[in-house]
Structure formats: C-alpha cells, structure tokens
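These notes concern the structure reproduced below.
Please treat every number below as a calculation from the coordinates, not as lab data. Please read these numbers as outputs of a predicted model, since none were measured by experiment. In this analysis, Cβ positions are derived from the backbone assuming ideal geometry, glycine residues included, and neighbour counts consider all displayed protein chains.
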Amino acid sequence: MTHDPLIALRPWEAPEVTSWGRLPMNAVDRRSGSLPQDGDWRFQLLSRPDAPVGGSWSPAPVPGVWTMQGTDDLPQYLNVRMPFTEFPPLPPAENPTGVYEREVDVPADWAGRRIVLQVGAAESVLLVHVDGRPVGISKDSHLAAEFDLTGLVAPGSSSTLRLTVVKWSDASHIEDQDQWWHGGITRSVLLYATDPLHLADVTVRAAYSGELRVDCRVREAGGALPEGWYVSGDLDGLPLTQDAEFDRLNAEDERVSDFLGEARMRTVVPDVRTWNAETPELYGLTVRLHRADGTVADTSYHRIGFRDVEIVGRDLLVNGERVYIRGVNRHDFHPLTGRTVSYDDMRADLVLLKRFGFNAIRTAHYPNDPGLYDLADELGFYVVDEADIESHDHAHEIADDPRYLNAFVDRVSRMVLRDKNHPSVIIWSLGNESDYGANHDAAAGWVRRHDPTRPVQYEGAAKLGWADPGVASDIACPMYAPLEDCVAHALSGEQTKPLIQCEYSHAMGNSNGTLADHWAAIESTPGLQGGFIWEFWDHGILQRVSDGRPVGRGGAGLYDNGVAAPGYRWAYGGDFGERLHDGAFIADGVVFPDRTPKPVMYEHREIAAPVRIETYRHEGIVLGNHQHFRGLDWLSGTWELSLADGRVLTAPAELPDLRPGQTAAVPLPFALPVDGGEAWLTLRITTARDEAWAPAGTVVCLPQVRLREAVPGGSVDPANRFSSAPVEVDFSSAPVQVDFSSAPVQVDADGLLVHPLLTAAPALSLWRAPTDNDELGGMALRWRSWGLDALVRKVVDVRRDGDRVTVLAEYAAEVGVVRHVQVFTPVEGGVRIEESAELPDALADVARVGSVFETVPGLDLMEWYGPGPWESYPDRSGGAPVGHHSVPVDDLFTPYLRPQESGGRHGVRHFRLSAPDATGLTVALDEPRQVSVTRYRAADLSAVAHHDQLVPRPGCVVHIDAAHRGLGTASCGPDTFPSYLVAPGVHRWSWALRVL
C-alpha cells in the first residue's frame, strides 16, 4: 500500500477533484526572467499510477509526448469512441503513467522570494513532488498549472523535482476530442521567482475609443498586505493615472480584505491606432507594483490592442464593422512531436494562413499554446478561444452530471483568466460536442459575469435553436449545416443572432467542394457571417515503414511537399496496431502534415481576395476593395492578358485609392488583339512592402475576368475546329467486317484504337478511385454495387465509312447497360474522336463519364491551357486561374494521405504531353473538360492505403471527362450540390489526338 497522499487520493478517478495545491490562473506572463526546465529528464513509464517506481531510468525530452519517444505506449486515434470501455468517471486499471525527475538548482539570490513552478501542460493528470514531498495536483491537459514551492526548496541548493503524469483519468472523458491520444508533458516547464508582494492578476480593457482601464489584483505571499503599496503604469511612455473614484469606493467598502489588494488605472489615448485583423496595431503596457518607499516589487508587461467586440441585432461587430469570419479550426500538432509545438512552428502556421486569406482561428478544442495568442495579436487573427471540454462518447450523461460541474467551470474560467487580455480573442467557446446541460450554463454564467466585453458561444446550445435567446450561446454556431438551411434562416425574419458556423467545410482528402458557392451565399445574404473550415492540419505522424514506429524529433528532413521520404509514410488511425481506431479521419486538414498547402488553400485565397474584379465593361475594369478596414496602398498589381494561342501580355497596374467597400473603374490595360481566340485578364496582386506575415512581392490573390469567349461551338485550339453536331450512328443493319490494316485510322479486333503513343486505347470510364467523401458519404459503396469499378466491355459493331471508323460497345453494369459510341476520323497529324455514352436512368450520380487511355513512357511534361497550375474540380475550381501552365507529370498528382482520386484539372481547353526532346502528343478538346494526367490507374489508387504501397506506371494515365462529379464534403458534412452531380442520359464529347 502506498503512503504517498497524492496517490492514495486516486485523483485520476475523482472528477470532483480538479486540483490541489494549484495556484489560481492569471494573466501575468512570467516567462521572461524565468528558469526554463526544458530538456532531458529522467523518465520511467509505469503500467499504472499506483505501481512502484523502480528499476532503470531513461532520458526523455520535456516538453514532449512519450507516445512518440520510443516507448511501447504508441499514439491512438479515435474520433468519438473512448479508447477504453469504462464508463465515466472511471479510467482503465491498466493506465500508462509517466514519471519525470530531475534536479533543480535554485539560485541563491532567490532567497526571501516567492518561488513558483509552472508546468505548461500535462496529459491528463499531473502530480507534483519535491524531494519526495507532495506539492499538488492538476487536471486539464491544455492549460498551465502553477505551484508555490517557496517552503519546499532552498535557494542556493538543489532539489529533486518529480512530475508524475497519469494518462487516463476521469478527465479523459471530457477530453474526448477528435485527435490522437497521447501522454506526457506537452508544454514547457519553468521556475520563476517574485517578491512576496506581487501582482496576482492584471485585467486590461482597451476600447476602440482609446479608453484604457487596467485592473490589478495584489497579494502578499506572507499573508496581510503591507501598508502603502501602490501601482503605476505606462502605455509606450504615456503614463496611466490612478482611478480616484475606484480608490475612494474601496476605501469606504468595509468588505475589502487585508490580503487582497485591488487597484485601477486609466488613460485615454489620443488618435489611437485601433486593432483589427487587417491592421493589428499593438501598444506596450507596463504595470508596476510599488512598495511604500516607491521601489518596484513586481512588473507585468502586456501587448494590448484597442478594439470593441459587440453583437448588434444579428451582426457580430468588430470596432463597429460587420466583419466576415474566414476561419479555420486548429489543433496544436506537429508530425514529429505530437502535441508539442514550438514558437517557430506556430508562427509558420499563422503566416501560412494569413497568406491564404484566413483571418480567424477556432482553438479546437482546447486553449492552444500561449504563444499562439501572442502571434494572433501580432499578425492579426480573430480567435474563438475554446475550453478543454469535449465528452463526445458520453456527452448527454456528463452535461448534467454534478460530479463534473466543477471541471466545466474550472476549465472555462481558467481559460478566460489566462487569455482575457489578448485583443485577438473575440469570442469565448464553452467547448465542443458535449451535448448541453446545466454544467454549460454554470460555466457561461461565470464568463458573462467576469468578462462582459465578449460574446459566448457553444454549438451544443445553439443546436437547440439558432434564434433561442435562452441558451448559453450568443452566436448561432452550427456544425456542417446545409447551406440552404442557413440561407433560409437568414431570410426567415426570425434570426436573432449572428450565424457563424463553427465547422462548415470538411477538408478530408480531396474535398472542400462548393466552398466558393458557400461564400457567394454568405456575401450576398445579410445575417450570414462566415465560419471555420475543419481543419488546418492533416494529423499524419511520420512513421518508419520497417518497424511501424513514430520517427519522433529526429525526422526533420524526411518529408517535402507533402510527401514522406522513401521508407517512411504519414501514419493515421490503425497504423500503430490499435485495435480501436477511426482510420484516416484524422487526415482532414487544408495542409499536409508538413504544412504544404493543399489545392483548397488556393481556392480559399481567391474567395478571400481583398481586391476583386467586379465586372468588365467596354470602358474598363471595375475593381472593388473587399476589406473591412484597410485601403489598397499596401498592395501592388500587374496585369496579365492570356490568349488561347499562347501569347501572354503584361503591364503594371495602378490600383485606385479605394476605401473598404468602394469600387472604381480603371481603363483596360491592353488593346485586345483581334486574333488569338479566348482571352483572360488576370490582376496579379502582391504585397507592395514587407508585412509581418509576408515579404514584399508575395502573391495575395489573382482575380481574373474573361474578356473574350472561345470560338462558338469549337475548340480553343485554333488549328482544330470541331462541329458541335451530336454523334449520330445507325447500327440497325448487320455488322460489316472491314480490313483496317492500311487505313489512316486503325482499330484492332476489339474495336480499340491503335496508336503508336498509346499503350492502352481510349475506353469509357465511369469510376474514380473513391475520395474520402465518396467512401464515407456512401457513394463508393453504391458505385461498387453497380459494378462501375469493373465494367465489362463488349464490342457490338465496328464500321467504316470512307476514312471514318465507328465503334459501338456496351458496358454491362448491375443496373443496366451503358452504350458507348466512338467515331474516329483522321485529321492532319492525328485522329479526331467523337464519343457518346448513354447511361440508363438507374445510373444516377456516377463519378465521371469520359475516356481513359495510357501513353508510352517518357512523356513527362504536361502543358495546358485552362485553369491551373493547381488541381481543380467542378465544385472547387475558383482558385486556379485560366492560363498557360507547364508542370511535370509526376507533380500533377496530389498526395492525399489515403490514395484517392486527385490531380484533376477542371476546364482544360487543350494540352500536350512531351518528352525532353519535345516529341509527344497534343489533345485538343471540343469544349473545356475535366482532365487528369497521373502515373496511376483508379484501380491502383483504390487498392492501397498508403502512398508507399503505390508503384507508379512508366507512362501516363489520362482521363478526359465529359462530366465529373463534384467533391462535396460528405465525409463529415453536406455533399456537393445537385448541379455538380453526373446525371443519367446521353453525354457527348469530342477531342483530337495529334503527334508532336
């Protein structure tokens, strides 16, 4: 039996115990001047918290997670289900427990001072001992815990600090977030010292008007406050004044204690520079606590921003302006260190988001590392700060469980106390996916009393009624609500709150279809104000294929452009031998695990463009400023005119002086050539000077307008005009046997085109390697049941009419027969192919209708005219400007973590595939079509779970689609819109294949 009182208490199964010996949370930053304790600690991993510590120690880096540091306790991914079967509040008996120890040298000059230990974060229960003596307990895996060590350590000597971290606990049931389960000390550990007389807390309220109020709470470690203490402060040199009325009321109030001091300072900043996400102006606030003789006992420094947040009617206002929330959900994540992230990591996250038009972050689903808020203040992001509460597997039971009441209020209140002075934080969130109960109302009541300057949101409360004023959510913040429902609510006349979806577009695999459609509705419908994409990261962990272990900190350099090096891969659920897991559902970000942007990022960049081409008129181009607070002086532009015949003209652009919301016409920069076919004008917008998040010359957006259509009914390739007449073939008479051995167009005995550059002739394709949305949305199951992944082709008839060869084939599906007609006609240098496919009514909503063929090896470069250079699809094509693009074939494929359909380019007019000696082939299309060129057949992609299992084909696999299904977000959210589905009936398409 243990004699350790902390172990004897068994706090890992007592939800009523949220802490013991832990100091109150506050907003005084003690990082400066502290003694960091990061580095290697002695470490043991026990099987359970009451197991004896003994045997050998091994080094373990702090901060870090032991699940990625070579132990046998590996990461596990689950979305909703708990990783153990015990009901709340119990954890499993077998409960990995990490014991960390190190010697701590306490400086001699800390004698007489108050000495405090800060543990940045530990998952999920922290027990603290010094020299074998119990110090305290803390829960909440994502907030710091502080403990007073003054009476336990001796300045000028060394003490043994032991931090015991219990992985599973009653708290795990309310930390059931959609992420990897880890264990360890995930943020920095430090020691700091203060005078016994110290600032216990500082609360800043800096208004848009320039009014500043600073409230200070003062304590004396020895007990009663000394006589004569006072506070002073300045704002970048501007002195703050004491609030005399506040002092007078305190002096007259008999309830004021002798052990807690309160003081208030004020000032008004003339010509204040206000803070917002576009111009995040910050001031330096210094608060000093003085003894009676005037000497300084304590100091606190804050970077603050002047801004107001309020809800007026159904609008969320920042500084009186209705702002769009272009947000993303973000976890603390790194592919080598798990939950531990550095300041540089976080800065790189936010810089990337800023460059792609995001202006808001929801800290899903817990308070993020403190450094993130400093960076959000500096770089300019609106933050929804979310408490560490998610009880997804047992949400209904826990929401009203009084045993968890203290935990709910504790977690929400500590988050508010830590982050309240950050101007970036504009909304408090009570947590995520935890149903709705009295525990939420209690937490909301605390927040509203403590901080009336910000709204509170909680999706579980808003779910009861978007307009219900009686729930603990000031914002209607649904999750994946259908767009039509959002628009209907905004138009109903019943809306009473801002509608900002906490999650609205799920970025799993090849996804985020209809994102532009959502934003077109948001920007045209009063009452809709934006939302947060799920999510920022693909949470793939770098894994060695040879032994299945996480690579850990030593893996830097083993990945690039979203791709893991040979012998490594991005692991997702199930890859570490977990019996329970939720597969690739952890890979649902807008960036790959190495922070490489996915194609959807370019889509978002154009959706969020600060400068847009509103329209094209004969007298010029109308430009608009779509920012909320900023002019266009920080931007520069270049005009680019792209003609279908290959010419590109450029000219500098002089941007007009536009305030937010204004438009102006500017002259057309070019005299449009009378020839050249289709013409597109692009305005390349870049930063004119260095910004905190981008050097001068960084692309901000690429708005574009078409100045001239293609030739009606024809290809954009001027060398090849197509008739728009449909393919008409009469197969009523008997088949005719023809000898094609000397014909300009040759087909084999199976009616397949014979061509020297093709290794597989053009055939009908109705199938794509299922995307994650296809699989989880149920479409792939339906397509397989129809047999679309293994269609059997039967040649019905082959005919010649002069040089024209016609082939009729039938493809048998489980629900009917698809008739496919190909008409081959020789053209100069090649063959023209006219095709039609008739799908029976039962084949409603297939993946694609088009042709697929394969080329000989060596054609390694693709050049095309159409949207690009990034991947695009019918319902996600706004981020790829039309122009002339050139990309190596190997780079066309997008390496989503689970192999699937990818690499498509929507709206291609013509393309060529060439070898280094410029030989190859060209394809001209009758009208813009969906085209993909990769090294993989659909069957190759759908047969494997990871990219390391793929074997590229030597040639190119080419798809030309008459119709291609949209992507949608059906893995978690609405599917694509009906307008992006592939309907049954007759589909026709034509193209010409030529040899270079």
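Eigenvalues of the alpha-carbon gyration tensor of the chain, scaled by 5 and square-rooted, set the equivalent ellipsoid semi-axes at 59, 33, 24 angstrom, largest first. Taking other C-beta atoms within 10 angstrom as a stand-in for reagent exposure, S232, S124, S546 fall in the order S546, S232, S124, fewest first.
Under a model in which nothing but the beta-carbon of Lys, Arg (+1) and Asp, Glu (-1) is charged, the chain shows a dipole of about 1180 debye around its Cα centre. Exposure proxy for V705, V852: other Cβ atoms within 10 Å of each Cβ, ordered fewest to most, give V705, V852.
Alpha-carbon geometry of region 5-194: the Rg and the Dmax are 16.2, 52 Å, given in that order.
Pair-distance distribution of region 177-304: all C-alpha pairs, bin width 10 Å, starting at 0; shares per bin in whole percent are 11, 35, 27, 19, 8, 1. From the Kirkwood radius over Cα pairs of region 308-401, Stokes-Einstein at 25 °C and 0.890 mPa s returns a whole-number translational diffusion coefficient of 164 µm²/s.
Considering only G574, L641, H392, and ranking their Cα positions along the charge dipole of the chain that arises from unit charges at the beta-carbon of Lys, Arg, Asp and Glu, the one farthest toward the positive end is L641.
A Cα-only calculation for region 950-996 places Rg and Dmax at 16.0, 46 Å. When its C-alpha radius of gyration is set against 2.2 N^0.38 Å (N residues), region 309-535 gives a value of 0.97. Projecting the alpha carbon convex hull of region 349-411 along each direction and taking the average yields 5.3 nm². Here is the list for region 786-885: GluC sites (Glu not before Pro) lying in DSSP coil, each with at most 12 other C-beta atoms within 10 angstrom of its C-beta, are E814, E828. Here's the list of lysines a cross-link from K139 could span, going by alpha-carbon distance under 28 Å and ignoring same-chain residues fewer than 8 apart: K167, K420.
Hydrodynamic radius of region 302-344 by the Kirkwood approach over all distinct alpha-carbon pairs: 13.8 Å. Legend note: in the chain, cysteines whose Cβ sits 4.7 Å or more from every other cysteine Cβ are C216, C486, C701, C956, C972. When +1 charges are put on Lys and Arg Cβ atoms and -1 charges on Asp and Glu Cβ atoms, the dipole computed for region 202-299 relative to its Cα centre reaches about 160 debye. Only DSSP H runs of four or more residues enter the estimate; each adds -39500 (n - 2.57), and after division by the residues of the chain the mean residue ellipticity at 222 nm equals -3500 deg cm²/dmol. Applying a threshold of 19 Å to the alpha-carbon distances of K463/K497; K354/K463; K354/K497 flags K354/K463; K354/K497 as lying beyond it. A Stokes-Einstein calculation at 20 °C with viscosity 1.002 mPa s, built on the Kirkwood radius of region 540-586 over Cα pairs, returns a diffusion coefficient of 194 µm²/s. Dipole magnitude for region 647-717: computed about the Cα centre from +1 point charges on Lys and Arg Cβ and -1 point charges on Asp and Glu Cβ, it is near 80 debye. Ordering L528, A507, L405 by the projection of their Cα atoms onto the charge dipole of region 309-535, which places +1 on the Cβ of Lys and Arg and -1 on the Cβ of Asp and Glu, puts L528 at the extreme positive end.
Which listed residue (S872, V958, P597) has the Cα farthest towards the positive end of the charge dipole for the chain, taking +1 on Lys and Arg C-beta and -1 on Asp and Glu C-beta about the Cα centre? After comparing all options, I get V958.
With neighbours defined as other Cβ atoms within 10 Å of a residue's Cβ, the residues D675, D750, D474 order from fewest to most as D675, D750, D474. Between region 44-76 and region 299-328, the alpha-carbon centres lie 43 Å apart. Take every DSSP beta bridge whose two residues both sit in the chain; close to 90 percent of them are antiparallel. With Rh defined as the Kirkwood radius, the inverse of the mean 1/r over Cα pairs, the Rg/Rh of region 801-924 is 1.00. Applying the criteria of a DSSP loop state and at most 15 other Cβ atoms within 10 Å to the trypsin sites (Lys or Arg not before Pro) of region 194-265 yields R255.
Under the rule a/c < 1.5 gives rounded, and otherwise a/b versus b/c splits prolate from oblate, where does region 610-702 land using the Cα gyration tensor? It is oblate, given that a/c is not under 1.5 and a/b is not larger than b/c.
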